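Each reported figure results from applying straightforward, stated rules to the coordinates on display, with no laboratory input. On a predicted model such as this, the values are computed, not experimentally measured, just so you know. Quick reminder, even Gly has a Cβ in these numbers, built from the backbone with ideal geometry, and neighbours come from all protein chains shown.
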Amino acid sequence: MVHAGGGGAGSSGRTDLPRVAGLANIPLTPETQRDQERRIRREIANSNERRRMQSINAGFQSLKTLIPHTDGEKLSKAAILQQTAEYIFSLEQEKTRLLQQNTQLKRFIQELSGSSPKRRRAEDKDEGIGSPDIWEDEKAEDLRREMIELRQQLDKERSVRMMLEEQVRSLEAHMYPEKLKVIAQQVQLQQQQEQVRLLHQEKLEREQQQQQLRTQLLPHHGPPPAPTHHPTVIVPAPQPPPSHHVNVVTMGPSSVINSVSTSRQNLDTIVQAIQHIEGTQEQEEQEQEEQRRAVIVKPPVRACPGAPASDTASDSEASDSDAMDQSKEDPAGDGDLP
């Protein structure tokens, strides 16, 4: 047990051996035996503690020799530990700075080593030693390398552009239904406005043409001539002119596209009907004139001097009213056209 303690404890243990041996020869009671064992354990623990403290002191002395300090300066263990930590931190910073400096120096050496062959070739060429073929080969190699780098950049930009175009197409495809709907509504509105404008313009043209025709027809329906001093002639009342009806077909909304051609056809039909009415009226006037010439002349009768004139006037007024009604019905029918 004594030898297990180490160097410092060995010397003290050897000095205590005669005492221990002497005590061993003395007969021991249980109490003295317990005291002896307790004393031996205490001495072993003390020797171990002394060895531990000696090793700690030796370590602090080693740290004190490593850290920078003035000679003869007394430092406590806490001060030695603090200065050691600061010294380690400063050493780490110095190491980082040296590594960066080393990297910069290596880069500078690589740049110098990379440009030195060209410089040597230029100097050799100036001195007439270098070969022009080798110089041309080097230039071609440099150009080839630059072309490869540019091609790589171009491929990269092309891939990015294709990706962006694909995104734009996907967004347009997503937004296309709404855009198509808006465009269709705009086109439909423009078509409706154009159709309304054309119909209004055609209606104005028809009204102008009808007004012109009406002004041309009015002189043919003048008042009958005033009675003269000729003998009274009894003329039978002419039959009312046959009514001419113009059938106007009302077109549905689906035929709006052909509204221009349909309106022109309706206008031609109206003009033909008016011309037919004018021809019929002229024929009736000719027949009336022939009947006047072929009448039987009778003695004048004073009882009914105004009857023929009133009958003729009423007939002419009836024909005029029929013509005006027919001309009024035609634009009304045309107004129903789409």
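Quick notes
- Note on ARG293 and GLN188: their simple-model spin labels are 6.8 nm apart, each label 7 Å out from Cα toward Cβ.
- Efficiency of FRET from Cβ geometry, SER170 and LYS139, R₀ 56 Å, rounded to 0.05: 0.75
- Pairwise label distance in nanometres, LEU99 with ASN46, each label 7 Å out on the Cα-Cβ vector: 5.2 nm
- In this simple spin-label model, placing a label point 7 Å from the Cα along the Cα-to-Cβ direction at both ALA85 and HIS69 gives a separation of 1.6 nm.
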